Amino acid sequence: MLLPRVFPLVGAALGGVALAAPAPASDDLPALRTLAAARGLQLGVAVSHPSLLRRPQAQELVRRHFDAITPENALKWGSIAHQPHRRDTAAADALVGWAREHGLAVKGHALAWDQEIPGWLLAAEDTALAEALDAHIAQTLDALGAEVAAWDVANEVLEDDGGLGASRLLPGGDPDRLDAWFRAVDQRQPDALLLLNDYGLSAGGPKAAGLLRLVDGMQARGVPIDGVGIQSHLDIRHPPPPGALPALLSALGARGLVAHISELDVRIGEAGGARWGREAAQAWLVHRVATACIAAPACTALTVWGLDDGDHWTARAAPGPVGVAAGSPRGGAVLFEAALRPKLAAHALAAALAGQRPAFCDQNVLEHGDLEDGAGGWSTGGGRLQRSEAARHGGTHGLHHDQRSADWQGPVIDLAPWLGAGLDWDLGMQLRHDGPAPAPLRLTLRIEDDAGERFVPLAAATAPPGRWTALSARWTPELDGPLQRAELYVEGPAAGVALDVDDARAAVHCPD
Ligand code: G3I
């Protein structure tokens, strides 16, 4: 058990400046819709009214990267019939008109959803409510059906245990009403794709099993269901088991059904650590979902639930500044920043569509870990650090640490701009000492966040004098809120013994 070391406050920061924040992801993102089309995949985005139509740059981004839109709220019963005995399709008409003008397909979300019963109808008797919904479905299809290629006929009808939930729209959990909705839409719009849409399916388990039972029953009753929307609202703190989504996609395909990834977003706010690390974990999950969809013949469309962090439902839901501050439940869940810059997730989606791994996987994030171009980010708790050729392990330079007055003094490199939760990290360094005899070397991570300060022992070795020794480890972050400190450091040899360090590495490990 390592005794926590009290580091002196005074530390020689080499390179003179603290590490700058990681550079933002590159702006040069290939047109995602083109990459998707080459895979036979429709790529959609949920858009809100009036936000999209007020933002020409957002419109340009949608047109460049997507070939379909889903009106986020405008086609919901609660939005259209928000006033008693009146129908207001202005928002829907505006978004559908915009899509038609720019040649984008429209996905209709959602005809029947218990959460979007108009408030003034909640007091109605079940029969009257059912009749009102039937009228809503008929009027919506008559008005907009010709413009809508696919409908989420029913949204979120399953319970977490996989049963058909009893609700105001499905009293007693009776599937007859559900069947009737699909039959009514099919009768009015036989060429549309009729989908059942739900969340909590990406991890498999009882809800996914219940979904398959439900669609089996519907098919057995001759109900015209064409497919399933797998919403995919994810969180980097709880990644779904890797095999669950491919298995569900395969099971739906085996039933002759299509599958849509219908509402993909990946929350990072409640996870701990640096933004860069959390956005890398987000990007990895986007990549994994897209790869599963591409690999499954049944998966014909992928829609992200929102364009940018500035106008996202998770940002609207909680007060405070939009952003991705660690520990905040707000925002940060989609492909583009509030300033419409592509995030790592956008690049990871492009990589998946191109059949490649994300560029950040297993790439050393440390600009000066190898000391070739400088020593920014390096410091020590005491002694002298000198970047020198004699201290090199690889390349032309390494870092020489002498005048050590205690065994705990060693080279320290700052990982705070990078380390975030959601993916494992590969951390390591090459070390050499000039002591008279084999000496202990220990690699430790010093973390300070909302949970306080702690020292994570990563690797240890007894190193012979003058021989390079690699110390490395794979670390699964356990972080709480923002990082105050994240330092990778070496200690061990007695005072007076000099250390050389080189080729420090910190890279997110993307699982296969
Ligand atoms: O536009 C009004 C505004 O005028 C009013 O001041 C404000 C305060 O009441 O409400 C605004 O409407 C809100 C609307 O979002 C637009 O922001 C509604 O109250 C709010 O209920 C609605 O929430 C939507 C939610 O579905 C419920 O319909 C979210 O935007 C939308 O992202 C979310 O999307 C759902 C999918 O439809 C189904 N799957 C889950 C997904 C996320 O919850």
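See the values below:
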item	result
Among (1) of a type outside the set (S, T, N, Q); (2) in a strand (DSSP E or B); (3) over 15 Å from residue 232 (Cβ atoms), the one test that residue 263 misses	(3)
Test: residue in segment 290-302 that is under 27 Å from residue 32 (Cα atoms), surrounded by 24 or more Cβ atoms within 10 Å (Cβ to Cβ) and within 16 Å of the ligand (Cβ to nearest atom)	yes
Unique match (being closer than 21 Å to residue 157 by Cα and without any contact (Cβ under 8 Å) to a residue 60 or more places away in the chain) among 60, 116	116
Test: residue in segment 21-33 that is within 16 Å of the ligand (Cβ to nearest atom) and either surrounded by fewer than 23 Cβ atoms within 10 Å (Cβ to Cβ) or touching a residue at least 40 places away in the same chain (Cβ under 8 Å) (or both)	no
Test: residue in segment 240-253 that is surrounded by 24 or more Cβ atoms within 10 Å (Cβ to Cβ) and assigned to a loop (DSSP other than H, G, I, E, B)	no
Subset tally (residues that are among the polar types (S, T, N, Q) and either within 22 Å of residue 480 (Cβ to Cβ) or within 20 Å of the chain's Cα centre (by Cα) (or both)) for segment 415-449	1
Residue tally, condition away from the ligand (no atom under 14 Å from the Cβ) and over 34 Å from the mean Cα position of the chain (by Cα), over segment 73-121	6
Single match in 486, 461 (criterion: within 22 Å of residue 375 (Cα to Cα), part of a strand (DSSP E or B) and open to solvent by less than 50 Å² (accessible area, probe 1.4 Å))	486
Unmet criterion (only one of (1) more than 16 Å from the ligand (Cβ to nearest atom); (2) of a type outside the set (Ser, Thr, Tyr); (3) under 30 Å from the mean Cα position of the chain (by Cα)) for residue 143	(3)
Test result for residue 280, open to solvent by 10 Å² or more (accessible area, probe 1.4 Å), hydrophobic (A, V, I, L, M, F, W, C) and part of a helix (DSSP H, G or I)	no
Residue that is more than 20 Å from residue 359 (Cα to Cα), within 16 Å of the ligand (Cβ to nearest atom) and modelled with pLDDT of 95 or more, where the choices are 306, 310, 331	306
Boolean, residue 353 is more than 15 Å from the chain's Cα centre (by Cα), away from the ligand (no atom under 16 Å from the Cβ), open to solvent by less than 10 Å² (accessible area, probe 1.4 Å) and within 26 Å of residue 71 (Cα to Cα)	yes
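The values are calculated or read from the model by the stated rules, or taken from the named source; none is laboratory data. Everything quoted here is computed from the prediction, not taken from an experiment. Using ideal geometry, Cβ is built from the backbone for each residue, glycine included, and neighbour counts are taken over all protein chains shown. Protein only, heavy atoms only, side chains kept; ligands, DNA and RNA dropped before computing areas. Shrake-Rupley method; radii C 1.70, N 1.55, O 1.52, S 1.80 Å.
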